[in-house]
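I have placed the structure first, in the form of structure tokens, so that the comments after it can refer back to it.
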Amino acid sequence: KYSIILPVRNGGEYVKACVNTILSQTLQDFNLLVLDNCSTDGTSEWLTSLQNEKIILFPADKPLTIEENWGRIKDISKNEFITLIGHDDLLYPDFLENIENLIKAFPAAGLYHSQFHFIDADGKVIRSSKPMPAFFTFNELLTGFLTQSVDSMGTGYVMRAKDYDAVGGIPVKYPNLLFADFELWLSLADKGGMAVAESNCFAFRVHNGTTGTSPDVKLHKALELYVDFLVKQKNDHKEKEQIIAEHANQLLLFYCKGFCHRLLRTEQSKRNGITVNSFINQTKSLAKKLGIEKTYHPENIPSIKMAVLIDSSKILRSLFILVKKIYPKPFV
């Protein structure tokens with residue numbers, strides 16, 4: 001009934017832990033589809049050595065980008081329901097069992113999910129996800145994503161394979177797939193909402209992954225593409241328009257503050273000519289696209305004001321980078 005889909009390149013010990021948790025499910029009605037992207041660390045050989053009939057390996061003919069590898073998901077044969085997992089994340093033994101109960105309780109939902117844990121590189125629990133209700137309508141999930149009141153990662157969502165294919169799969173237009181999952185989850189929730197299991201059913205590992213290592217220019221392009229998707233939603237229905245008009249400010253301010261902080265930590269020579277001020281102006285153009293330019297004023301936020309001040313001075317920029325090496329936690 002289920003296909004668990006694992007794209008991977010050089011998963012190391014993490015992928016071994018991940019696969020072992022998948023194979024230990026209490027509900028065994030699944031296969032594991034592994035999209036191996038020319039791993040050179042023995043990942044493919046280890047998977048083959050398991051000789052487990054549930055594991056189906058799809059090796060790439062040549063090294064692929066992350067977008068190209070994840071893009072293969074829509075082209076492979078899948079079971080009725082699918083879930084995607086990062087190679088360093090973990091499924092708890094009752095993940096599929098809880099999802100099965102959700103599907104029985106909410107057969108018309110377009111998406112299924114559960115509470116979950118954030119874990120560190122060593123597997124220690126950092127915290128639980130923000131509490132979620134048993135069911136989200138599309139509008140409620142959209143509000144949650146815009147206001148950051150819902151923790152959303154790439155792992156843990158379950159959907160019908162036919163629905164995944166119908167929306168075109170994960171949108172590979174997003175650089176490094178940044179924000180791509182938000183568009184995917186909302187597109188699927190639009191088909192019937194999202195049901196959520198009340199227990200923690202998986203663990204998402206937090207470390208310096210794709211988001212943390214992506215160049216600023218890719219982050220900014222991905223944010224722009226996500227806003228373009230929201231503009232389409234806004235034009236689709238009056239209720240969606242009202243939600244975006246009310247909450248899109250929070251989304252833009254959240255990423256404006258976060259990305260300004262990233263820029264300050266990036267040497268100017270590696271920024272592709274981007275400054276804090278030019279990025280703020282970019283977010284203002286995004287606000288105009290969303291029709292919220294009259295209420296979007298990032299220059300009034302103290303931490304953003306400080307970022308502009310620091311970025312305007314070579315001495316302050318150098319001092320900031322030095323301080324961040326000593327004290328990496330955000331204070332701007």
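The values are calculated or read from the model by the stated rules, or taken from the named source; none is laboratory data. Owing to the predicted nature of the structure, the values given are computational and were not obtained by experimental measurement. Don't worry about glycine lacking a Cβ; one is built from the backbone with ideal geometry, like all the others, and counts go over all protein chains shown. The area values use the complete protein model at the heavy-atom level, side chains included, leaving out ligands, DNA and RNA. Shrake-Rupley method; radii C 1.70, N 1.55, O 1.52, S 1.80 Å.
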Placing each pseudo-label 7 Å from Cα in the direction of the beta carbon, E68 and N281 end up separated by a distance in nanometres of 3.6 nm
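Nearest 20 debye, what's the magnitude of the dipole of the chain about its Cα centre given +1 on Lys and Arg Cβ and -1 on Asp and Glu Cβ? Numbers along the way, then the final one.
Numbers: 38 positive and 37 negative charges, 291 e Å.
Roughly 1400 debye for the chain.
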In the chain, if the dipole is taken from +1 on Lys/Arg beta carbons and -1 on Asp/Glu beta carbons about the Cα centre, which of P107, I22, G168 is farthest to the positive end?
G168
Can you tell which of Y174, Y226, Y255 shows the greatest fluctuation in a Gaussian network model of the chain with Cα springs below 10 Å?
Y255
Checked against the positive end of the charge dipole of segment 187-332 (+1 on Cβ of Lys and Arg, -1 on Cβ of Asp and Glu, about the Cα centre), the farthest of T283, T266, Y255 is T266
With every protein chain present, what is the per residue accessible area of the chain (1.4 Å probe, Å²)?
46 Å²
So for segment 113-256, taking the charge dipole from beta-carbon charges (+1 Lys/Arg, -1 Asp/Glu), which of F229, A203, V150 sits furthest toward the positive end?
A203
Per residue of segment 66-78, in order, report the coupling 6.51 cos²θ - 1.76 cosθ + 1.60 (Karplus, θ = phi - 60°) as ³J(HN,Hα) in whole Hz, putting x for Gly and Pro.
4, 5, 5, 5, 5, x, 6, 4, 6, 9, 9, 6, 10
Segment 80-124: GluC sites (Glu not before Pro) in DSSP coil with no more than 14 other Cβ atoms inside 10 Å:
E80
Quick one: which residues, 5+ away or cross-chain, put their amide H under 5 Å from the amide H of C38? H built at 1.01 Å from N.
A60
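Place a +1 charge on the Cβ of each Lys and Arg in segment 170-263 and a -1 charge on the Cβ of each Asp and Glu, then give the dipole magnitude about the Cα centre in debye, rounded to the nearest 20. If you can, show how the numbers build up before the last one.
Numbers: 11 positive and 11 negative charges, 58 e Å.
Approximately 280 debye in magnitude.
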Find the Rg to Rh ratio for the chain, where Rh is the Kirkwood radius over alpha-carbon pairs and Rg uses the same atoms.
0.98
When the Karplus curve 6.51 cos²θ - 1.76 cosθ + 1.60 is applied with θ = phi - 60°, which whole-Hz ³J(HN,Hα) does each residue of segment 152-163 get, with x for Gly and Pro?
10, 10, x, 9, x, 8, 10, 8, 6, 4, 5, 5
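Roughly how compact is segment 148-229, stated as its Cα Rg over 2.2 N^0.38 Å to two decimals? Walk me through the numbers on the way to the answer.
Values: Rg = 13.7 Å, N = 82, 2.2 N^0.38 = 11.7 Å.
Normalised Cα radius of gyration, segment 148-229: 1.17.
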Inter-site label distance for V217 and F135 at 7 Å from Cα along Cβ, in nm
4.7 nm
Cut-off under 22 Å on the C-alpha distance; same-chain residues fewer than 8 positions from K1 excluded. Which lysines are left, in chain and number order?
K54, K74, K78, K104, K162, K191
Segment 1-44: which trypsin sites (Lys or Arg not before Pro) are DSSP loop and have at most 13 other beta-carbon atoms within 10 angstrom?
K1
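If the convex hull of the alpha-carbon atoms of segment 250-332 is projected onto planes in all directions, what is the mean projected area in square nanometres? Walk me through the numbers on the way to the answer.
Details: hull surface 21.6 nm².
Over all viewing directions, segment 250-332 projects a mean Cα-hull area of 5.4 nm².
Hydropathy first: keep DSSP H helices in the chain averaging at least -0.5 on Kyte-Doolittle, then drop any whose Cα extent along the axis falls short of 20 Å, and list what survives. Show your work: numbers first, answer last.
Details: long enough: 216-236 (30 Å, -0.41); 238-264 (39 Å, -0.11); 276-290 (21 Å, -0.24).
Span-like helices here: 216-236, 238-264, 276-290.
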Efficiency by 1/(1 + (r/R0)^6): what FRET value for E13 and T266, r their Cβ-Cβ distance, R0 = 35 Å, to the nearest 0.05?
0.70
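Summing -39500 (n - 2.57) over the DSSP H runs of n ≥ 4 in the chain and dividing by its residue number, what mean residue ellipticity at 222 nm do you reach, to the nearest 500 deg cm²/dmol?
-14000 deg cm²/dmol, from helical runs alone.
Loop-only check: which chymotrypsin sites (Phe, Trp or Tyr not before Pro) in segment 261-332 are DSSP coil with at most 15 other Cβ within 10 angstrom? Before the final figure, lay out the partial values.
Numbers: sites: F279, Y296, F320, F331; in loops: Y296, F331.
Filter output for segment 261-332: F331.
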Leaving out ligands, DNA and RNA, what percent of the accessible area of the chain is carbon and sulfur, probe 1.4 Å?
54 percent
Would you list, by chain and number, the aspartates and glutamates whose Cα falls below 15 Å from the Cα of K130, excluding same-chain residues fewer than 8 positions away?
E140, D151, E198
